[in-house]
Amino acid sequence: MADIILTADRTLMSDYHHNEFIGFGTCAPPNVIPDWLYSFLFFPPIEEKEGIPVAAPYGLRKIEAQLLMEGFDVLTVDPSHLSHYINGAKVLGIYVMDPFGLGPASSTFAAILKKEPFLAYYFRRLLDDPSIKAAKKQGLRIIIGGPGVWQFRYRPKFIRDYGIDCIIEGEAEKVIGKIVRNAINGDKLPTYYEVGIEETPTLEEIPTIVHPSINGLVEIGRGCCRGCKFCSVTLRPLRWYPIDKILQEIDVNQREGYTMGACLHAEDVMLYGSRNTYPEDEKLIKLHEAVVKKCSGGLSWSHCSLASVALKPGLFARLSEMIRQRQDWWGAEVGIETGSPELAKKIMPAKAHPFKPEQWPEVVRIGMGLMHDHMLIPACTLIVGVPEETENDLIKTIELIDDLKNVRSLIVPLFFVPMGKLKNENWFKETQMTELHKELLVRCLLHDFRWIDDLIGISFVGKWYAKPLRLLYTLFVRIIEHKAVKAGITIETSTWKQNKLKYAITKFKHLESGAAVAQTGRAAGC
């Protein structure tokens, strides 16, 4: 048996029907359909062979590759088969994304629906596995890493109760070897190890994965240059992989038969190869030419910024044409965050760059319109309850959502979670929701209901299981719609609320107009 076992909870060991964005369903709590059916719809178990998954989360594969390169005996195991492999293991490494459901999406759903999200339930269930508890008594050391480790700072009792030995926060390639070596030798481990800037790996120090990643996800870069205050990724240095390194990881996926395509991962794929907020046409085109040629199974992006798309509509159209040679559409996660220029200026002044923060709503409209025209389907986020948010900010966001009603997309409002430069701020709670917050949630829900049937149809076109799966998703949406109606969330409800909202908007615009007149008067010397 291997000395080191790597795994992740059940919600992360899934390919989400080969659609990465369906995985957002793991953020929801148990709801109106049976749990077994919900898990089949949103996070079916990954295919495995004797307990070894055919693919695993990309971050876990990076750690696996690093440990193998350093000569350790490592095996990645499906969480439901740990009992067959963990006996005799010295270290259990667990990858986490949102272990306690404190992330923006899951905390929002949990607050509204008053239940624990699936991802938090399955993480706790993983650590409750009797085989882990038995191995722990025999000296097993538990090390946890991944994007969600910040949440353990809020759960010190959980760390003690489950005997977690070390939590690593940050890019761990340069430190994981020494920590695992100390664990195997029985040395004392730091409960919380925060990777320092000097320990952040360079491109040359980041290993190539050796086994397939879920949904063919491959990094094309790390870090972000936009500096949004609510995001921790912006605290990392910006690095872009050379094309040959990207293709090597695609080769790894294909060599082991995982050929459904590739998902290019970066905080803004449109900025590949750039050192600022101006897309590099030649580098992007070369990247996509190489990847499209290699990937017969299709291509998607993890994230994309609206400013990059709006700035280079011709380049975006060219990339779309290349990608759609072999597929009808592709997807990406997109951050709208707010429709207020004033709030954008306070919390994300470079989000619109090289446009000005004052132009942010128009940047969103242009970027989203281009995505609609060129069949990029965005899963969009909004931040609700960010520090310094005002009623006027909410009104402008509601107006923007109304302007996007004819844009094919999903828009999800998320409660503010203190991260990045705002990590010392207070959480936004559902008890703080005003009528305008509720109205924003209603508008987003109605927008998503408007487009969901279309998106379901597009997502599974050409799949042999498209009809039964589409029927199940459609049934689920209808049940949610029925629940929404019972809760008073209907188009009619929203309409009568609009009367109050329209009054507020009119009043605000009148005040804005008056301020503009006063400013003009002062400029004229009145």
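The values are calculated or read from the model by the stated rules, or taken from the named source; none is laboratory data. No experiment lies behind these values; they were computed from the predicted model shown. Methodologically, a virtual Cβ is constructed for each residue, glycine included, from the backbone with ideal geometry; neighbour enumeration extends over all protein chains shown.
Determine whether residue 109 is aromatic (Phe, Trp, Tyr), touching an Asp or Glu at 6+ places or on another chain (Cβ under 9 Å) and assigned by TED's automatic domain parsing to the domain that holds residue 44. The answer is no for residue 109.
Selection of segment 178-203 for residues being closer than 21 Å to residue 222 by Cβ and either acidic (Asp, Glu) or in contact with a Cys (Cβ under 9 Å, 6 or more places away or on another chain) (or both) yields 179, 193, 194, 198, 199. Residue 191 meets all of the listed conditions (1) within 27 Å of the chain's Cα centre (by Cα); (2) touching a residue at least 40 places away in the same chain (Cβ under 8 Å) but one, namely (2). Among the candidates 261, 339, 273, the residue that is within 30 Å of residue 436 (Cβ to Cβ), in contact with a helix residue (DSSP H, G or I) (Cβ under 8 Å, 6 or more places away or on another chain) and not hydroxyl-bearing (Ser, Thr, Tyr) is uniquely 339. Here residue 21 passes the criteria (1) modelled with pLDDT under 95; (2) in contact with a helix residue (DSSP H, G or I) (Cβ under 6 Å, 6 or more places away or on another chain); (3) surrounded by fewer than 24 Cβ atoms within 10 Å (Cβ to Cβ) except the one numbered (2). The number of residues in segment 232-274 that are of a type in the set (D, E, K, R), modelled with pLDDT of 90 or more and in a loop (DSSP other than H, G, I, E, B) comes to 2. Summed over segment 122-163, the residues that are under 20 Å from residue 88 (Cβ atoms) and surrounded by 14 or more Cβ atoms within 10 Å (Cβ to Cβ) give a count of 12. Scanning segment 47-60 for residues that are surrounded by fewer than 21 Cβ atoms within 10 Å (Cβ to Cβ) and not small (Gly, Ala, Ser), which turns out nearest to residue 75 (Cα to Cα)? Among those that are surrounded by fewer than 21 Cβ atoms within 10 Å (Cβ to Cβ) and not small (Gly, Ala, Ser), it is 52. Consider residue 105 carefully, then state whether it is more than 25 Å from residue 184 (Cα to Cα), buried (at least 21 other Cβ atoms within 10 Å of the Cβ) and in contact with a Gly (Cβ under 8 Å, 6 or more places away or on another chain). When the stated conditions are applied, residue 105 does not pass them. Part of a strand (DSSP E or B), in contact with an Asp or Glu (Cβ under 7 Å, 6 or more places away or on another chain) and at pLDDT 95 or above, is that true of residue 94? So residue 94 fails the test. Among the residues making up segment 164-181, those that are crowded, with 18+ Cβ neighbours inside 10 Å and either part of a helix (DSSP H, G or I) or among the β-branched types (Val, Ile, Thr) (or both) are 164, 167, 168, 175, 176, 179, 180.
Checked against the criterion of being closer than 27 Å to residue 349 by Cα and touching a Cys at 6+ places or on another chain (Cβ under 9 Å), the candidates 259, 277 yield just one match: 277.
Of all residues in segment 201-227, those being in contact (Cβ under 8 Å) with a residue 12 or more places away in the chain and not in a loop (DSSP other than H, G, I, E, B) number 11. In segment 238-250, the residues that are of a type outside the set (Ser, Thr, Tyr) reach residues that are modelled with pLDDT under 95 and assigned to a helix (DSSP H, G or I) with C-beta atoms within less than 6 angstrom, at least six apart or across chains, in these pairs: 239/203; 250/294. Among the residues of segment 278-294, none is identified as buried (at least 21 other Cβ atoms within 10 Å of the Cβ) and at pLDDT below 95.
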